[in-house]
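Enquirer: Would you mind keeping the following structure in view while I ask a few things?
What follows is calculated from the coordinates using simple rules that are stated; it is not laboratory data. It should be emphasised that the depicted structure is a prediction, and the values quoted were computed from it without experimental measurement. Cβ atoms come from the backbone with ideal geometry, glycine included; neighbour counts cover every protein chain shown.
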């Protein structure tokens, strides 16, 4: 029996049956089949280069995507049911299998997704429609049953959902339970009045919810008090319904913008958590060495733009790399990842420092987005620990203290990724290394931080520290001295320090 088949025929059958897409290590789409184009409504050019977030429905919680990425980044296939949104806003469900393609180090370099459309019962769209006509969930606090019934009927007519509360105490409890989008608050209530209820709500709940007072009191002092206790607006009874409709629309727009901002913050937090997970997994390959101390002194996000890697060479030497990527969070992680992975692989091969730097520079040129460079310091301590060699590209000085003598090696190179190595004259330094030697360097988040006089600390500050403390300097002492010098100022950038000694 002839069992031969052409893989191209298999691919054609798969394309007819399922949605197929491939993403690179950064999560950017690099291949889609025609079925995905037909279902999503996006053209191939509109999809290529985009993150899969372009299809995000808003149905799933952030934890859903976090669990998915944790599975993929650990090298395992993820399977489950996913809801996406087409270009015209239509939701479609499918059963998905996403498999990571791993490199020789067991790290994902591509993600292949095969999805089969499935039918799901129609569900309420959880994504936010940010049109001003959005219906609001309103807590109406009104002790008069007749006025409450009239207002509820009128508000329901305009598409809003209303819950009635007859007293201040009941309003506080219902607010806890319902978390409404808007509160219409009467002032005169049995028990605690509207002012006290508003103060209690504001004190208990940090998230802002607009509160509009409905009051028959017309004195300026009453209106002023309504604003002072946390009210956002007020209407005098009897009120004009057209004016109230207009103000509800305004509140609807503010509410929609707030939800949109909250959604952005959730997605931003997702990106940062993913960046931290990706980078921590890669930096875990860093090898501990008792001579090397390093510390992230200040980080703007879960994953800062700084990364420090240590790798032993086959001959017993030691390579150390300090990176300062542009940006923070996921963009910085994507930018730094190729360099970090390559640093470990190249160090494992034991290639000379000059070749190591040249290859890393070309890798960053090839894989990093245009205009995203990596300031870097790359060091090698030879196998007899008698010589230290280094390369500094766009980073602060490397300071060597040797038996009280100070030597400083400044950057004479572009950052990694500015130009291909064949267009550069890479410059290195080399110096002797003794039992009393100590090497200190940092990222520019340290030197550019403003001190007590609101002036940047600069390179001289580190030189003075090394001169004063010598070999007693360690990362804890450095951190303490740095924070003292800031005088309460907040650093504007990620800040890291590296300290290497002959022995500890």
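Enquirer: Roughly speaking, what is the stretch gain from residue 208 to residue 405, that is 0.36 nm per residue apart minus the C-alpha to C-alpha distance, in nm to one decimal?
Expert: 65.0 nm
Enquirer: Shape of the range 285-501 from its Cα gyration tensor (a ≥ b ≥ c, root eigenvalues): rounded if a/c is under 1.5, otherwise prolate when a/b > b/c, or oblate?
Expert: Judged from the Cα gyration tensor, the range 285-501 comes out oblate (a/c at least 1.5, b/c at or above a/b).
Enquirer: Under the 0.36 nm per residue contour assumption, what length would be gained going from the current alpha-carbon distance of residue 387 and residue 456 to full extension?
Expert: 21.6 nm
Enquirer: At what distance in nm do the modelled label points of residue 144 and residue 468 sit from each other, each positioned 7 Å from its Cα along Cα→Cβ?
Expert: Taking the two extended label points, one gets 7.2 nm.
Enquirer: A further question on this structure: Can you classify the range 422-500 as rounded, prolate or oblate using the Cα gyration tensor, where a ≥ b ≥ c are the square roots of its eigenvalues, rounded means a/c under 1.5, and otherwise it's prolate if a/b beats b/c and oblate if not?
Expert: oblate
Enquirer: Now for a different question. Starting from the 7 Å offset along Cα-to-Cβ, what nm value, one decimal, do you get for the label separation of residue 17 and residue 76?
Expert: 2.6
Enquirer: What full-extension length gain, to one decimal in nm, is calculated for residue 448 and residue 109 as 0.36 nm per residue of separation minus the Cα-Cα distance?
Expert: 118.5 nm
Enquirer: Turning to a different aspect of this structure: With a 10 Å radius around each residue's Cβ, average the other Cβ atoms per peptide and rank 470-483, 18-31, highest first.
Expert: Ranking, from highest mean packing down: 18-31, 470-483.
Enquirer: First check a/c for the range 137-258, with a ≥ b ≥ c the square roots of the eigenvalues of its C-alpha gyration tensor; if it is under 1.5, answer rounded, and if not, answer prolate when a/b is larger than b/c or oblate otherwise.
Expert: Cα axes put the range 137-258 in the rounded bin.
Enquirer: Which stretch or stretches of the range 211-230 have amide N atoms under 16 Å from the point lying 7 Å from residue 236's Cα along the Cα→Cβ direction?
Expert: 213-227
Enquirer: Using alpha carbons only, what's the Rg to Rh ratio of the range 7-118 with Rh from Kirkwood?
Expert: Rounded to two decimals, Rg/Rh equals 0.95.
Enquirer: Please provide three numbers in whole Å: the alpha-carbon extents of the range 28-87 along the principal axes, with the largest listed first.
Expert: 31, 24, 17 Å, listed from the longest principal axis down.
Enquirer: How high is the FRET efficiency between residue 250 and residue 176 when r is their beta carbon distance and R₀ equals 30 Å, given to the nearest 0.05?
Expert: In this case the efficiency is close to 0.70.
Enquirer: Please compute the modelled spin-label separation between residue 436 and residue 222, points set 7 Å along Cα→Cβ, answer in nm with one decimal.
Expert: Label at residue 222, label at residue 436, 8.5 nm between them.
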